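What follows is calculated from the coordinates using simple rules that are stated; it is not laboratory data. Everything numeric here is computed off the predicted structure, so don't read it as measured data. No Cβ is skipped: glycine too gets one built from the backbone with ideal geometry, and neighbour counts run over all protein chains shown.
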Amino acid sequence: MKTCVALQKISHLTALVCLTFLLSWLTYYPLCAQSLDVRLYYPDSSLRAEGSLLDSLKEGLWVYYYPDGTPSARLHYRDDSLHGIQQYYGFSGDLIAEEMYRLEMLEGKAVYYYPGGNKEKEGSYEQDAYSGMWRFYYEDETLKREGSYVNGLPEGEWTFYNETGKVVQRGYYAGGVEAGEWTFYYPDGQLAEKGQYKAGKREGEWQYYDKKGRLYMTGTFRAGEPIAPWYDVNRRGKRKETSPPKMQEN
């Protein structure tokens with residue numbers, strides 16, 4: 001009997017200690033974060049935004065509206081920072097941009113649209129900067145230009161097209177400026193001129209062709225400036241010295 005009483009006292013004491021510890025733990029570590037649904041309004045009382053706060057920080061989906069009630073954006077948050085897929089809309093309600101964020105930083109695929117709904121450009125971001133392959137389009141969604149970015153700057157081969165889909169320029173970038181061989185074409189796709197770039201300037205020999213594909217002039221550039229001698233080339237391929245032309249950089 002004495003043993004049972006002693007065990008009962010130990011059990012009560014253990015329970016009291018555990019309860020005291022639990023209450024102390026809850027004081028510093030609440031079991032549930034405080035969640036609150038929020039609505040924000042324009043001065044005229046029309047709805048401006050709605051979403052949730054978790055411990056006073058934006059969390060999850062928030063929807064924003066133009067004054068007429070049309071949604072302007074559907075944004076996702078984590079700890080008050082943009083995180084996840086973000087969608088933006090024009091005044092007519094058309095989707096104009098879709099981006100991915102990682103804790104307030106552009107990261108991953110993004111697509112942008114013209115007002116009519118056709119794609120304007122698409123590609124990816126890395127740490128808020130263009131990265132990898134990007135494609136740009138005319139309003140009818142015909143490809144306009146395409147190429148890659150590194151740290152937000154054009155890098156490697158790029159190709160440019162006219163509205164009929166013909167290639168009008170093709171060349172290379174290094175660190176955001178033209179470098180290496182570039183070729184330019186007439187609107188029908190026929191070669192017009194070709195040569196080298198160095199640090200964003202024309203360099204060395206350039207060749208020029210007429211619309212029938214015949215070489216008609218050659219000349220040399222140094223740091224983007226034409227230097228003598230330059231030559232006209234006749235139909236038989238014979239060269240005749242001429243003055244360097246005044247040329248505008250492409």
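For Tyr66, the amide hydrogen comes within under 5 Å of the amide hydrogens of Ser72, counting only partners 5 or more places away or on other chains and with H modelled in the peptide plane. In the elastic network of the chain, a GNM with C-alpha springs shorter than 10 Å, the most mobile of Ile85, Ile227, Ile96 is Ile227. Shown here are the Rg and Dmax of the Cα trace of the chain, at 32.9, 126 Å. Working from label points 7 Å from Cα in the Cα-to-Cβ sense, the Arg214 to Leu36 distance is 8.2 nm. Centre-to-centre, using Cα atoms only, the stretch 63-128 and the stretch 191-245 are separated by 47 Å.
On full extension, the segment bounded by Met105 and Thr164 gains 17.6 nm, given 0.36 nm per residue less the C-alpha separation. Each of the GluC sites (Glu not before Pro) that DSSP puts in a loop and that has at most 16 other Cβ atoms within 10 Å breaks the chain; the longest unbroken stretch is 1-103. Taking label positions 7 Å along the Cα-Cβ direction at both Lys119 and Thr142, the computed distance is 1.7 nm, reported to one decimal. Couplings 3J(HN,Hα) of the stretch 109-119, computed from phi: 5, 9, 9, 10, 10, 6, x, x, x, 6, 5 Hz, in residue order, whole Hz [Karplus 6.51 cos²θ - 1.76 cosθ + 1.60, θ = phi - 60°; x for Gly and Pro]. Once the Cβ-Cβ distance of Thr70 and Leu153 is raised to the sixth power relative to R0 = 41 Å, the FRET efficiency obtained is 0.65.
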